[in-house]
Amino acid sequence: MKNFKIYPVLLILITILHGCDKPAPTELINDLSDGEQLEYEILTSDLNEQYVSRGTDTSGIIQDFRGLRNLISVSGIKITTENQTVEFCLAQGFFFDWSQPVYYSNERLLGFKTVIPGVMKFNNEFARIADYRVWFRDRGEFQDTLLGNKFLLYRSKSGWGDPFWFEYGTPVSFNFQPFTGDPVSFNILTPKGITGTVFLQGRHLNRNLEAILEWNKVQGGRVSIVVGVIRHGQFSSIPVYRFGVSDKSKLIIPKRFFSEIPLQDFRKLVFTFIRSFEKMERHGENNLFVSSQNIHSIVIDIP
């Protein structure tokens with residue numbers, strides 16, 4: 001397997017969204033619901049400058065790619081907009097070529113181009129080869145860049161897409177046959193499904209807007225909640241905050257977080273509930289970083 005070069009990864013823990021501005025150090029705040037301390041991070045400090053949107057609320061990808069040699073990802077996703085919910089699942093594979101970095105105009109690292117080093121299957125279905133694109137803002141201009149290819153399976157619950165589906169909380173079989181080297185096979189564990197609700201009270205013009213979030217809890221776990229915004233005339237979201245909290249079923253986001261966002265420049269808020277597993281699969285000299293997540297994104301008009 002020496003010709004199959006999948007190296008150990010350095011997972012960047014400070015941010016979870018590729019290309020976000022360097023965040024402030026993780027801080028602790030008091031959750032107003034029961035006084036429990038929780039973590040929060042600022043993901044994008046300047047909403048008019050550099051950020052990358054891979055569509056966390058629609059793609060299921062929450063990792064920072066810049067420290068990864070590879071990523072195998074399985075996602076079950078729900079998106080609720082105006083009381084309508086669509087549900088779909090994704091299986092994806094990325095192999096990054098660290099000899100081909102891509103930079104912003106100020107020479108800050110954006111990411112790496114990708115390669116396709118073999119054939120991949122999820123639940124015995126061959127993953128197809130698809131474009132790997134990132135959308136980012138640089139010097140005030142919106143950019144769309146092709147960084148190579150990725151492995152992909154996609155299917156909506158209504159039946160459209162590839163012949164691939166998995167149920168929350170059940171394993172997904174994974175197989176990879178490199179062009180040179182031995183095959184790799186294992187099961188990807190997936191977390192139980194997550195379903196959230198969001199209630200907003202107050203108004204942004206009065207600077208007293210706050211959010212009450214609830215979800216179905218799982219004993220002993222943790223949940224990440226990403227809060228983002230959508231500009232007028234656009235559809236992709238910009239991540240602003242990430243909250244880390246025990247899987248306790250409720251979180252109140254105080255008004256000070258919303259008062260620090262120029263909400264008059266945006267039309268929607270996006271609340272993304274994420275329950276995930278991450279694991280390094282080690283096979284001889286090769287290591288694959290594996291992530292599975294269940295996600296519920298709720299898109300709401302800004303009151």
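Dimensions of segment 27-301 along the principal axes, based on C-alpha atoms and rounded to the nearest Å, stand at 62, 45, 36, largest first. D by Stokes-Einstein for segment 161-303, Kirkwood Rh over Cα pairs, 4 °C, 1.567 mPa s: 74 µm²/s.
Checking the Cα-Cα distances for 113/192; 121/279; 192/279; 78/113; 113/279; 113/157 against a 21 Å cut-off, the pairs over it are 113/192; 78/113; 113/279; 113/157.
Highest-first packing order for the peptide set 208-219, 146-157 is 146-157, 208-219, based on the mean count of other beta carbon atoms within 10 Å.
Maximal additional length on extending the residue 116-residue 235 stretch stands at 39.9 nm, based on 0.36 nm per residue less the C-alpha distance.
Modelled spin labels at residue 146 and residue 300, positioned 7 Å past Cα toward Cβ, are 4.0 nm from each other.
If the chain linking residue 185 and residue 98 were pulled fully straight, counting 0.36 nm for each residue of separation and taking away their Cα-Cα distance, it would gain 28.8 nm. Remark on residue 267: its backbone amide H falls under 5 Å from those of 230, 231, 232, a criterion applied only to residues 5 or more positions apart or on other chains, H modelled at 1.01 Å from N. Taking θ as phi - 60° and the Karplus parameters 6.51, -1.76 and 1.60, the scalar couplings of segment 201-215 work out to 10, x, 9, 5, 5, 8, 6, 10, 6, 9, 10, 10, 10, 9, 7 Hz in sequence order, x denoting glycine and proline. Taking amide hydrogens as placed 1.01 Å from N in the peptide plane, the amide H of residue 297 sits under 5 Å from those of 78, 79, 80, 273, each at least 5 positions away in sequence or on another chain. When each of the peptides 230-238, 86-94, 264-272 is scored by the mean number of other C-beta atoms lying within 10 Å of its residues, the order from highest to lowest reads 86-94, 264-272, 230-238.
Computed from point charges on the beta carbon alone (+1 for Lys and Arg, -1 for Asp and Glu), the dipole magnitude for segment 27-301 about its Cα centre is near 300 Debye.
Only the coordinates and a few stated rules stand behind these numbers; no lab work does. Nothing here was measured: the structure is a model prediction, and the numbers come from that model. Please note: Cβ atoms are built from the backbone with ideal geometry, for glycine as well, and neighbour counts cover all protein chains shown.
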